[in-house]
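Trainee: Structure below; questions to follow.
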Amino acid sequence: MARVTGIEHVQLAMPPGEEASAREFYSDLLGLPEVPKPPKLAARGGCWFEAPGVKVHLGVETDFRPARKAHPALLVDDLAAMMAVLEAAGLEVIPDDPVEGRPRCYVTDPFGNRIELMQA
């Protein structure tokens, strides 16, 4: 029987022309390096951010609406430090109850997409 063996990447939507805001949040604040999109896909806009074990792709959606419930849960090596970085940048960080003993919180990206951050 065939089965799913992993997630290759997560794609989130973003509004057109907001790549600089995506870079500030995903690369500068979360620490995910931007990688070049393949040339045929680069013409569509958006950004890809990838590090070992995590790939977050942002694609442009002209009729953009943020994902407020559906979300990726990203593992971080120091949740308290990450929360401090985000709060210092003026973002609202919403702590939540631990899951399986892991502390976690929520933040929204510059476009209103919900992002869960969880201690690795």
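The values are calculated or read from the model by the stated rules, or taken from the named source; none is laboratory data. Every value quoted in this text rests on a predicted model; they were computed, and no experiment measured them. Quick reminder, even Gly has a Cβ in these numbers, built from the backbone with ideal geometry, and neighbours come from all protein chains shown.
Trainee: Looking at region 1-28 only, could you name the residues that are crowded, with 18+ Cβ neighbours inside 10 Å and closer than 18 Å to V93 by Cβ?
Mentor: F25, Y26
Trainee: If you don't mind, another one. Filter region 78-100 down to residues that are at pLDDT 95 or above and assigned to a loop (DSSP other than H, G, I, E, B), then give me how many there are.
Mentor: Number of matching residues: 6.
Trainee: While we're on this one: Return yes or no: is V60 in contact (Cβ under 8 Å) with a residue 24 or more places away in the chain and more than 14 Å from the chain's Cα centre (by Cα)?
Mentor: Yes, satisfied.
Trainee: For region 10-34, name all the residues that are free of Cβ contacts under 8 Å to residues at least 24 places away in the same chain and not in a helix (DSSP H, G or I).
Mentor: Matches in region 10-34: G31, P33, E34.
Trainee: F49 passes all but one of (1) out of contact with any Ser or Thr (no Cβ under 7 Å at 6 or more places or on another chain); (2) surrounded by 11 or more Cβ atoms within 10 Å (Cβ to Cβ); (3) not small (G, A, S); (4) not in a loop (DSSP other than H, G, I, E, B); which number fails?
Mentor: Going through (1) out of contact with any Ser or Thr (no Cβ under 7 Å at 6 or more places or on another chain); (2) surrounded by 11 or more Cβ atoms within 10 Å (Cβ to Cβ); (3) not small (G, A, S); (4) not in a loop (DSSP other than H, G, I, E, B) one by one, F49 breaks only (1).
Trainee: Could you tell me how many of the residues in region 97-112 are within 20 Å of R68 (Cβ to Cβ), of a type outside the set (A, V, I, L, M, F, W, C) and surrounded by 12 or more Cβ atoms within 10 Å (Cβ to Cβ)?
Mentor: The qualifying residues number 6.
Trainee: Moving on to the next point. Among the residues of region 55-96, which ones are among the acidic types (D, E) and either over 20 Å from L32 (Cα atoms) or surrounded by 15 or more Cβ atoms within 10 Å (Cβ to Cβ) (or both)?
Mentor: Listed by number, the residues that qualify are E61, D63, D96.
Trainee: For region 29-46, give me the residue count where each residue is surrounded by 12 or more Cβ atoms within 10 Å (Cβ to Cβ) and under 17 Å from D109 (Cα atoms).
Mentor: Qualifying residue count for the region: 6.
Trainee: Could you tell me whether any residue of region 63-81 is over 11 Å from the mean Cα position of the chain (by Cα) and farther than 25 Å from C105 by Cβ?
Mentor: yes
Trainee: List pairs: first in region 46-57 and in contact (Cβ under 8 Å) with a residue 12 or more places away in the chain, second among the polar types (S, T, N, Q) and surrounded by fewer than 21 Cβ atoms within 10 Å (Cβ to Cβ), Cβ under 7 Å, 6+ apart or cross-chain?
Mentor: F49/S27; H57/Q11
Trainee: Take the conditions touching a residue at least 12 places away in the same chain (Cβ under 8 Å) and assigned to a loop (DSSP other than H, G, I, E, B) and apply them to A2. Does it pass?
Mentor: no
Trainee: Something else about it: Find the residue count for region 93-120, including only residues that are closer than 24 Å to G46 by Cα, in contact with a strand residue (DSSP E or B) (Cβ under 7 Å, 6 or more places away or on another chain) and not β-branched (V, I, T).
Mentor: Total meeting the criteria: 7.
Trainee: Another question, then. For E116, indicate whether it is charged (D, E, K, R) and either without any contact (Cβ under 8 Å) to a residue 40 or more places away in the chain or part of a loop (DSSP other than H, G, I, E, B) (or both).
Mentor: no
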